[in-house]
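Nothing in this text is a laboratory measurement; each read-out follows from the coordinates by a stated rule. All of these numbers come straight from a predicted model, not from anything done at the bench. Because the Cβ atoms are built from the backbone with ideal geometry, glycine has one as well, and the counts that use them run over all protein chains shown.
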Amino acid sequence: MGRLDLWRFCPACAAPIEPEGGRASCQACGFVAYASSAPTANALCVDDRGRVLLCRRAIEPAKGLWDIPGGFLEEGEQPLDAVRRELREETGLDVTPLELLCVTVDDYGEGAGAAKTLNLTWLARIDEGEPVAADDVAELRWFARDELPPPEECAFATVQAVLRAWRRQQDA
């Protein structure tokens, strides 16, 4: 079941609507909506001691679990601009995204209303600032490679995928 399956009325004209597959179209006014993944831009910051910066979520979904700093793109925003904005908002850090580390698709929440996300995660260099939890982050913590949180303490499958990609890169 996807997000459009919850739609019962057209958002443009309020006529009854029946979602079908990955789209919902209104016979009355011609409005069409497509189910698509919401893009996110994230950064895995690594310090000079080889530790990665993770954030504990302060809000649902997955409140209290570890996540990669980042978030949703604003409409029309370039992904690299979103990485810089999100890191500044959540951590107080100014970063430079270096290389694209991992691309994943994940669920943001649970149940029929959960959004699908398309997650773009870069390795990033910290240019300025000290990490301070802000916005929707309860805590920031540096993790050594052998101290990473177990899967059950990670907010989304994407977190584990990013950490695996980072470990593979380190081993290469």
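Quick notes
- DSSP-defined beta bridges in region 21-131 - what % are antiparallel, rounded to 5: 70
- Taking Gln78, Gln160, Gln27 in turn, the Gaussian network model of the chain (Cα-Cα springs below 10 Å) assigns the largest fluctuation to Gln27.
- Placing pseudo-labels 7 Å out from each Cα toward the beta carbon at Phe31 and Leu80 gives an inter-label distance of 3.7 nm.
- Extension gain for Arg167-Asp135 works out to 8.7 nm (0.36 nm per residue, less the C-alpha to C-alpha distance).
- Helix 79-91 and the longest principal axis of the C-alpha atoms of the chain enclose an angle of approximately 60°.
- Label-to-label distance for Arg23 and Asp107 is 2.6 nm, based on points extended 7 Å past Cα in the beta-carbon direction.
- Taking Cα atoms only, the orientation of helix 157-171 departs from the longest principal axis of the chain by about 40 degrees.
- Length gained on full extension, Trp142 to Ala157: 3.4 nm, using 0.36 nm per residue less the C-alpha separation.
- In region 17-63, the C-alpha radius of gyration followed by the widest Cα-Cα span (Dmax) gives 20.0, 61 angstrom.
- Isotropically averaged projected area of the chain, using the convex hull of Cα atoms (one quarter of hull area), nm²: 11.1
- Karplus-based coupling profile of region 113-123, in residue order and whole Hz: x, 5, 7, 8, 10, 10, 9, 9, 10, 9, 6, with θ = phi - 60° in 6.51 cos²θ - 1.76 cosθ + 1.60 and x standing for Gly or Pro.
- The trypsin sites (Lys or Arg not before Pro) of region 1-95 that meet both conditions, a loop assignment by DSSP and at most 15 other Cβ atoms within 10 Å of the site Cβ, are Arg8, Arg49, Lys63.
- For the chain, the longest piece that avoids every one of the GluC sites (Glu not before Pro) found in DSSP loops with at most 12 other C-beta atoms within 10 Å covers 1-73.
- Among Leu54, Gly109, Cys29 - extreme Cα towards positive end, dipole of the chain, charges at beta-carbon: Cys29
- Charging the Cβ of each Asp and Glu at -1 and of each Lys and Arg at +1, and nothing else, the dipole of region 38-171 about its Cα centre rounds to 440 debye.
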